[in-house]
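**Q** Could you have a look at this structure, given as structure tokens, before my questions?
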Amino acid sequence: MVIQTNLSYRFFILIVFLFTLANPKSDSDLKNELVSLRSTAESGVISFNNDDVSKFITSVSTPRPYSLIIFFDAVHLHGNSQLRLPEFRREFRLVSATFITNNNNESNGTKLFFCEIESTHSEASFRRFAVESLPHISLVSPTTENLTESDQMDGGDFTGLAESMAEFVERQTKLTVCSIQRPPLISKTQIGIIVAIIIISTPILIKKILKGETLLHDHRIWLVGAVFVYFFSVSGTMHNIIREMPMYIKDYEDSSKFVFFIEESEMQLGAEGFFVGFLYTVVGLLLAFVTNVVVRVKKLDEQRMAMLLALSISFWAVRKVVYLDNWKTGYEIYPYWPSSWRG
């Protein structure tokens, strides 16, 4: 009797298994599963692996009832400032969150799902999509069969960050993303704390202003501020900020070494600008020292020594700047060198 019961149980399990194989998940089941995964994912971006690619893309007959836009990521490359992967990943999540917010109660909300694939455990998926470089974003439309032929964002679509990504999505899917909803720089709680601090400190601040005891009345603060602005101006800091130039790059021939100066007139690393700015600042401070301090020294010998020292350091600094310019541009210029000395 026991043997018969075991045989019946195994037969039942076999029937259930065969029934499952014969009746794979329907399109609606897959869509509902994607909606469920999206609801628990940060910013609605679903983390995919090799099995998920097979389950939701390659194993589903076309046309699929949904489109997938996939961001390909590599954690080990996040430290590469030239790729800017963490920044593009944040912008991709902004587009996803904005799309979900604006299409949450509409049928369009289940027609597109934002996903990401990380290279560590999904190298096979990178090969399926023929990903050769990062950043890389692919759109799998309902009719896409060959993943290597999926719609891909080009370099121009990344320049405008989230806004450009949203334009790409709207152009390819005909769905509406709407304007990107960026989180405020300061939360309401932080604003409340700042307002409370201002209200509390206002009477004390007014009292100090009337007495002339604020930092703005301290000439040393103005002196340090003037030097900082001068250094900021001559070191190309705005150039580095606008173009997001790195301070240094790794040597292409030896990855264990770093390059701080690059021999290209079209490109300037942050370290180069700070080095030249430091030399300019030294010359400016020496000029201020000579015109405001040295002229008041009463002993003639001390005055001459200080002047000679200031001129020597200034000459060395200017020479280094001109040498760096000659090295980067290839042009030999000697604006401070007498023509008779060059013979």
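**Q** List the residues, sorted by chain then number, that are 5 or more residues from LYS250 or on another chain and whose placed amide H is less than 5 Å from its amide H.
**A** VAL259
**Q** Tell me the Kirkwood radius of segment 132-279: reciprocal of the mean inverse pair distance over distinct alpha-carbon atoms, in Å.
**A** That comes to 21.6 Å for segment 132-279.
**Q** Remind me, what semi-axes does segment 39-188 give for its equivalent ellipsoid, largest first in whole Å, using sqrt of 5 times each Cα gyration tensor eigenvalue?
**A** One finds semi-axes of 22, 20, 14 Å for segment 39-188.
**Q** I've got another one for you. Can you give me the Kirkwood hydrodynamic radius for segment 127-167, using every pair of distinct Cα atoms, in Å to one decimal?
**A** After inverting the mean inverse Cα-Cα distance, the result is 11.1 Å.
**Q** Between segment 73-150 and segment 29-57, how far is it from one alpha carbon centroid to the other, in angstrom?
**A** Comparing the Cα centres of segment 73-150 and segment 29-57, I get a distance of 12 Å.
Bear in mind that the values in this text are calculations on the coordinates, not laboratory data. All of these numbers come straight from a predicted model, not from anything done at the bench.
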